Every structure is written in structure tokens, then in C-alpha cells.
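Okay, so here's the structure we're looking at.
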Amino acid sequence: MPPSEFGELRPHLATVQLTAKQRLAEPNQRIPAVYFPIDAVISVTAVGASDATVEVGSVGCEGMAGVPLLFGSDRSTSRVLVQIGGTAERMDADVLRREAARHSEFRRLLHLYTLGFLTQISQSTACNRLHSAEQRLARWLLICGDRVGRHDVPITHETMALMLGVRRATVTEAAGALQRAGLIRYRRGILSIVDRKRLEAAACECYQIVREEFDRLLGVRVG
């Protein structure tokens, strides 16, 4: 966005440290603030009646957590939690609404990001139905690597299972297959992408579809 416009927004942003598993919003609860991750990864999850969750979208350095505010709602439709800890810029919800109304380029970029995020949600829905756990895990690991900007991702099997909506044993089996193939390495809560090109080949096509859509809309390649 124009430097002058960003200059007016900057005083309303507070740099904060987010920790893994920190909850930022709950279904049907008021959204107090939005977050623009820098090197953190935020998950948007659907919550079932038994409190079981599955990730429907993730937010990294390309976007913002708190999309419902852009459409006049002050409440979250999902559970929003930190998947990978790191830094983010925080803006109060009331300030976001006011500044988005005042600044046309800021508003335009937020709307374009939202289109990309909707593509991610629809593609994730198809992915959960059509692709194997191994393909989905490969896609998810690539997304995390893109968001944090490095090959070493701090993540546990428990978190991977929650995000993919599968049993932990399923994640262990899928991660083991990728590790035996030499695509990843997992040690003490750190998952390292060893061969990115082959990991992309092992992932389903959903990864490239979403990545290219964000590139088209925002003109910025993540990862």
C-alpha cells in the first residue's frame, strides 16, 4: 500500500508475541482484535459438538486473522488459535473497522486477501475428502514452512493430528512414510523439510492451487 497510508496505520499496530496453542477467538464470541502474523502461524478451525476440531484454514505472513470483521460481524464463526508461535502485529477490532473505511488501498488488499482465504477454505474441504493423510500432511507441512519462512518447523504430532482432523496414530504413520522417503526429518518437536521439491511432488495439487491464487490476488509469492 502507499507509504503514506501505511504510515497512518502504523501507530495503531502493536507488535506482540504469540505462543503455540494460544486461543485468539472462539465460536460465537466477540472478536477483540485482529492479528497480522509476521513469523507465527494461526489456525482457523471448525469445532464439533464434542469439541473436536479440524483446521479449515491457516493464516501467516500473507494475511490477517479476524476476517468476519470486514463483513460487519463482530463475532467469530470459528476457533482461532496459534499453531506455531512467533510475532504478529495486533490491531483492535474497532480500529480495524474505522481504518478500513478510511483507507481505500488497505480495504482493497484486505478484500483480496479474503478472496484467497475463501479459496483456501474451499480447497481444504475438498482435500479432506479426496486425498490421503500422507498427501494432506505434505501439503500442510509445506504451508507451515512457507508461513514461517524456514525449513525447520516447531510442531508436535498432537498438533498435526488436531489440524488435520485425524488420529495421532495416522499422523505418526504418514510422517514416518515421508521420513523414510527422505523428505522430512522429525526430532524432539522440530520437523525439518529435507527435500522440498520431492515434498511438493508428494503433496496433493491443493497446495499449488492455493499458493498460486494468493500470488495472483496479492502479487506476493509466499515461500
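The values are calculated or read from the model by the stated rules, or taken from the named source; none is laboratory data. Since we're looking at a predicted model, the values are computed, not measured. Because the Cβ atoms are built from the backbone with ideal geometry, glycine has one as well, and the counts that use them run over all protein chains shown. Calculation scope for accessible area: heavy atoms of the full protein, side chains included, ligands and nucleic acids excluded. Shrake-Rupley method; radii C 1.70, N 1.55, O 1.52, S 1.80 Å.
The table below gives the values:
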read-out	value
Sum of side-chain charges, E62 neighbourhood, beta-carbon under 9 Å (Lys, Arg +1; Asp, Glu -1)	0
Kyte-Doolittle mean at least -0.5 and Cα axial length at least 27 Å: DSSP H helices in the chain	104-130
Heavy-atom accessible area per residue - the stretch 5-46, 1.4 Å, Å²	50 Å²
Simple Cβ-charge dipole of the stretch 90-157, Lys/Arg +1 and Asp/Glu -1, about Cα centre, in debye nearest 20	160 debye
Whole-percent carbon and sulfur share, accessible surface of the chain, 1.4 Å	52 percent
The stretch 20-47 versus the stretch 172-223: alpha-carbon centroid distance in Å	23 Å
Charge dipole magnitude, Cβ of K and R +1, D and E -1 - the chain, Cα centre, debye nearest 20	440 debye
For the stretch 91-223: accessible area per residue (Å², 1.4 Å)	50 Å²
Nonlocal amide H pairs with C204, under 5 Å, H built at 1.01 Å	R139
